[in-house]
Amino acid sequence: YDKNGQVLMRSNTNKTVDVGKYQVNSVWFKKATALGFDITKEKDNEAMAEWIYLNKGTGDWSASQSCWKI
């Protein structure tokens, strides 16, 4: 989210979009909706990212691995 509170979105070459603080990919929109999340909202973006992590691991974020500070 930028300094004005606007949700950040990044387009990908595969025609998907990464949304919000946790860069949840648009392939998860249907599942997020089924879980009651609106991933354009910060709290829901975080909750969906946590769900993905707990159920699928870090694979969805592997493209950004070089940015991780671990």
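Just so you know, the Cα atoms of the chain work out to an Rg and Dmax of 11.8, 32 Å. Evaluated with a Cβ-only charge set (Lys, Arg +1; Asp, Glu -1), the chain carries a dipole of roughly 120 debye about its Cα centre, given to the nearest 20.
Its DSSP H runs of at least 4 residues, each contributing -39,500 (n - 2.57), put the calculated 222 nm mean residue ellipticity of the chain at -9000 deg cm²/dmol, to the nearest 500.
Charge tally for L54 (other residues, Cβ to Cβ under 15 Å; Lys, Arg +1; Asp, Glu -1): -1. For the chain, carbon and sulfur atoms together expose 52% of the accessible surface, with a 1.4 angstrom probe and every protein chain in place.
Qualifying trypsin sites (Lys or Arg not before Pro) in segment 10-39, where qualification requires a DSSP coil assignment and no more than 11 other C-beta atoms within 10 Å, comprise K15.
Probe of 1.4 angstrom, ligands and nucleic acids ignored: what's the accessible area per residue over the chain, in square angstrom? Present the calculation step by step, with values, prior to reporting the outcome.
Working: 5300 Å² over 70 residues.
Using a 1.4 Å probe on heavy atoms only, each residue of the chain averages 76 Å².
The values are calculated or read from the model by the stated rules, or taken from the named source; none is laboratory data. Everything numeric here is computed off the predicted structure, so don't read it as measured data. Neighbour counts are summed over all protein chains in view; Cβ atoms, including those assigned to glycine, are modelled from backbone coordinates with ideal geometry. Side chains are part of the model used for accessible areas, which takes the heavy atoms of the whole protein and leaves out ligands, DNA and RNA. Shrake-Rupley method; radii C 1.70, N 1.55, O 1.52, S 1.80 Å.
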